[in-house]
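This report concerns only the one structure given below.
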Ligand code: NDP
Ligand code: MG
């Protein structure tokens, strides 16, 4: 029985992880669940899944949570409380599914406690890069990808065959067929309508700008030790091929399935084994056609992210921080869709580059970037 702690249990990945745990009761159990501030859903989850521990980041909700849950469940609140739970010796796998850089510190705590990290939170690796990889090595543990593309690559890789290239597929989001002129006019409502995936708001906007694909390129670079030159992006609107690898002999392997995060979540939890499910098998005869194309150059968040990744140092941290803040502005209707990439570009051009030696440096640059954006739109 694998015992699991979920950071971000009240989110899209978190709730699907709990569904997987329920479907595979003989193999997995929820040892702990942690939410940000959604106390209603967290209470519902705690009563349904009966974890030993429940955590909530928002400390003001501690007493209310305590009133609602039976005494048999341990409750922690605030960052310190969550760290205590993450460091607990009673479980093995930490699902890192908080959205954004907010998930960085708790993931670090999990690594330091020697937990296997099922990593959904790509922002952690984008900003943390080699510092995260070094920490993972130091604590003798490993990262397992939950992001569907990275899970696909991970499933295709073969240690005996030398890798030539990674081909990351992308649905292209709701605007993949839009002209540059059409893109200027899109609204928040349009951007939140993802054609294939139901996800949290931040990643849904990232999918519309293609910033998500840039973050995934950087994530793939670190996870699979692959140079940026050898990572290609392919727009594939059906989201059936979740990504591919090409070996040096030009043989290409792909992983296919209906678009659902449950498989990558389950595979990270069951790794190295596969578990029987009652999910519908992919019927390619029903799908009929799979389409592929190159991303359009006016999705600037993609090229800016790739450039930031290649430059390294503080650039990916600035890219990530500027993107998060700009998406927050867009979600709050303070800026238009095209301004997201414009703000990222300005931040990358104007914030001086730093060498990164510690996680404190990352926090500092992230904070500087957010302040820069706030000044920029005032
Ligand atoms: P959601 O927005 O649906 O959920 C985010 C979770 O994080 C919620 O539990 C939320 O708590 C919590 N949270 C948010 N901000 C904070 C904060 N500042 N402090 C503490 N907790 C916080 O996001 P997703 O599930 O969509 O995404 C999670 C991560 O997984 C992201 O990094 C995303 O890029 C990645 N991912 C997601 C995919 C998907 O299909 N959804 C696919 C691949 C990767 P609460 O709501 O209680 O406040
Ligand atoms: Mg993905």
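Suppose we filter the range 319-349 for residues that are more than 18 Å from residue 307 (Cα to Cα), more than 19 Å from the chain's Cα centre (by Cα), without any contact (Cβ under 8 Å) to a residue 60 or more places away in the chain and crowded, with 18+ Cβ neighbours inside 10 Å; how many remain?
Going through the range 319-349 one residue at a time, the tally reaches 2.
Specify which of the listed residues (273, 291) is over 27 Å from residue 350 (Cα atoms) and without any contact (Cβ under 8 Å) to a residue 24 or more places away in the chain.
Answer to the check: 273.
Quick check on my filter: what residues within the range 31-55 are surrounded by fewer than 24 Cβ atoms within 10 Å (Cβ to Cβ) and in a strand (DSSP E or B)?
If the condition is that a residue be surrounded by fewer than 24 Cβ atoms within 10 Å (Cβ to Cβ) and in a strand (DSSP E or B), then 31, 53 are the ones that fit.
I'd like to know if the range 236-252 contains one or more residues that are surrounded by fewer than 15 Cβ atoms within 10 Å (Cβ to Cβ) and either at pLDDT below 95 or outside any loop (DSSP other than H, G, I, E, B) (or both).
Yes, some residue in the range 236-252 is surrounded by fewer than 15 Cβ atoms within 10 Å (Cβ to Cβ) and either at pLDDT below 95 or outside any loop (DSSP other than H, G, I, E, B) (or both).
How many residues are touching a helix residue (DSSP H, G or I) at 6+ places or on another chain (Cβ under 9 Å) and on the phi > 0 side of the Ramachandran plot if we restrict to the range 274-312?
Of the residues in the range 274-312, 1 are touching a helix residue (DSSP H, G or I) at 6+ places or on another chain (Cβ under 9 Å) and on the phi > 0 side of the Ramachandran plot.
Take residue 76 and tell me if it is within 11 Å of ligand 1 (Cβ to nearest atom), touching a strand residue (DSSP E or B) at 6+ places or on another chain (Cβ under 8 Å), on the phi < 0 side of the Ramachandran plot and modelled with pLDDT of 95 or more.
Considered against the rule, which asks whether it is within 11 Å of ligand 1 (Cβ to nearest atom), touching a strand residue (DSSP E or B) at 6+ places or on another chain (Cβ under 8 Å), on the phi < 0 side of the Ramachandran plot and modelled with pLDDT of 95 or more, residue 76 comes out as no.
If I ask for residues that are within 14 Å of ligand 2 (Cβ to nearest atom) and more than 12 Å from residue 222 (Cβ to Cβ), which ones from the range 124-146 would you list?
Scanning the range 124-146 gives a single hit, 146.
Just for helices (runs of 4 or more DSSP H) wholly inside the range 174-217: which have at least 2 residues that are crowded, with 21+ Cβ neighbours inside 10 Å?
Per the criteria, 201-209.
For the range 309-318, name all the residues that are within 18 Å of the chain's Cα centre (by Cα) and either without any contact (Cβ under 8 Å) to a residue 60 or more places away in the chain or surrounded by 24 or more Cβ atoms within 10 Å (Cβ to Cβ) (or both). Lay out the reasoning, then the answer.
Going through the range 309-318, the residues within 18 Å of the chain's Cα centre (by Cα) turn out to be 309, 316-318.
Scanning the range 309-318 gives 316, 317, 318.
Restricted to the range 84-101, and to residues that are more than 10 Å from ligand 1 (Cβ to nearest atom) and touching a helix residue (DSSP H, G or I) at 6+ places or on another chain (Cβ under 7 Å), which residue is farthest from residue 203 (Cα to Cα)?
87
The values are calculated or read from the model by the stated rules, or taken from the named source; none is laboratory data. Just so it is clear, the structure is predicted and the values come from calculations on it, not from any experiment. Heads up, the Cβs are rebuilt from the backbone with ideal geometry, glycines too, and the neighbour counts pull from every protein chain shown.
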